[in-house]
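Colleague: Structure incoming, see below.
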Amino acid sequence: MSTETHIDIAPAELVNVPAASAGVVPVVSDYSGAASDAALVELWLAGRPGTTRGAYGRDARRLLAFLAARGQSLRTATLAGVQGFVESLTGSDRSRARYVSSAKSLLSFAARTGYSAFNVGAALRLPKLKNELAERILTEEQVFALFQAAKPGRNRTLLRFLYKSGARVSEAISVECQHVQPREQGLAQVTLHGKGGKTRHVLLTADIGAELAELCAGASQWIFRTRRGTRLRGRDAHRIVARAARAAGLEQAVSPHWLRHAHASHALDRGCPIHLVQSDLGHASVSTTGRYLHARPGDGSARYLGV
């Protein structure tokens with residue numbers, strides 16, 4: 001006759017169950033309502049922006065496929081199985097770190113909702129990334145060369161908007177004409193819908209405000225749109241920036257995010273308060289904005305050496 005004792009507890013209470021409790025097998029109540037791993041992934045993705053859903057969804061499917069090939073699922077995943085997934089990852093440090101981060105988030109969600117008994121992903125460590133920010137910051141001269149090399153009209157205005165607003169590419173291509181409002185002295189204000197559903201309002205100079213207004217003439221919705229009137233896609237924006245970089249003679253693999261980096265770095269170099277840069281870029285912490293100060297220091301101890 002079995003002497004095991006089953007205790008029905010909520011997932012959050014698992015942390016209070018002693019690991020060495022002999023004869024006690026915790027039984028977790030499943031509050032997720034998900035009938036399968038795929039259904040749980042959909043719950044995990046719910047409410048996220050479209051681009052985030054796409055990227056995280058691909059990450060999750062890769063994890064599920066790896067586990068399934070080894071006879072495991074999110075419910076039965078072991079630390080060895082998940083660690084094997086991490087060790088199988090190839091590509092850049094940054095891409096591997098994203099896969100690991102997605103796996104940790106999904107496995108944590110499964111445990112919190114009771115879909116799985118334990119969060120085996122808690123033991124995973126994110127790969128340490130090299131700080132290459134300084135290598136991705138363009139000079140003001142290079143930014144100007146990009147503008148001049150871009151095709152006048154939509155393409156050039158897109159580059160100028162990315163730089164002037166500090167917007168992420170997903171935010172920029174989602175801007176509608178109604179999101180741009182005139183302000184006093186010819187200035188303009190744009191509403192950006194960012195990561196995590198957060199909204200922020202950014203003040204723009206009169207020149208870029210006028211360019212946006214020109215693109216909106218006769219438009220009903222999207223500012224940055226295709227010839228068919230549909231919204232510009234992220235990969236379209238990447239091609240526009242890359243094409244301008246080649247035309248400008250830049251050897252770096254410039255992407256739209258480089259213009260966001262340039263905005264932060266150049267604004268701080270010119271004395272903009274760090275909290276204002278933080279607010280306009282939508283950084284959750286001022287320490288994130290502070291990385292730009294460390295990436296391009298205004299002074300260095302080497303200047304004080306005598307030899």
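The values are calculated or read from the model by the stated rules, or taken from the named source; none is laboratory data. For clarity, every value in this text was computed on a predicted model and none was experimentally measured. Every residue, glycine among them, receives a Cβ derived from its backbone with ideal geometry; neighbour counts consider all protein chains shown. Protein only, heavy atoms only, side chains kept; ligands, DNA and RNA dropped before computing areas. Shrake-Rupley method; radii C 1.70, N 1.55, O 1.52, S 1.80 Å.
Colleague: Within the accessible area of segment 93-189, what % is carbon and sulfur when the probe is 1.4 Å and the other protein chains stay in place? Let's see the in-between values first.
Modeller: Working: 2380 of 4750 Å².
About 50 percent, which is the carbon plus sulfur part of the accessible surface.
Colleague: Be a star and scan segment 173-192 for residues whose amide nitrogen sits under 16 Å from the point 7 Å along the Cα-to-Cβ vector of ARG227.
Modeller: Answer for segment 173-192: none.
Colleague: Please work out how much length the chain gains when fully extended from ASP93 to ALA55, using 0.36 nm per residue of separation minus the C-alpha to C-alpha distance, in nm with one decimal. Kindly include the intermediate steps, with their values, before the conclusion.
Modeller: Numbers: separation 38, 0.36 × 38 = 13.68 nm, distance 1.65 nm.
The ASP93-ALA55 span can extend by a further 12.0 nm.
Colleague: List, in the order given, every pair from LYS104/LYS164; LYS128/LYS198; LYS151/LYS198; LYS164/LYS198 whose Cα-Cα distance in the structure shown is over 24 Å.
Modeller: LYS104/LYS164; LYS128/LYS198; LYS151/LYS198
Colleague: Per residue, how much accessible surface does segment 210-250 expose to a 1.4 Å probe? Answer in Å², no decimals.
Modeller: Details: 2540 Å² over 41 residues.
For segment 210-250, the per-residue accessible area is 62 Å².
Colleague: Rounded, prolate or oblate for segment 151-196? Axes are the square roots of the Cα gyration tensor eigenvalues, ordered a ≥ b ≥ c, and the cut-off for rounded is a/c under 1.5. Let's see the in-between values first.
Modeller: On the way: a/c = 1.79, a/b = 1.05, b/c = 1.70.
Oblate, since a/c reaches 1.5 and b/c is not below a/b.
Colleague: Tell me the accessible surface of HIS275 in square angstrom (1.4 angstrom probe, heavy atoms of protein chains only), to the nearest ten.
Modeller: Probe radius 1.4 Å; accessible area of HIS275 about 120 Å².
Colleague: In what sequence, largest accessible area first, do ARG183, ARG125 appear using a 1.4 Å probe? Please list the in-between numbers first.
Modeller: Numbers: ARG183 90, ARG125 205 Å².
Largest accessible area first, the list is ARG125, ARG183.
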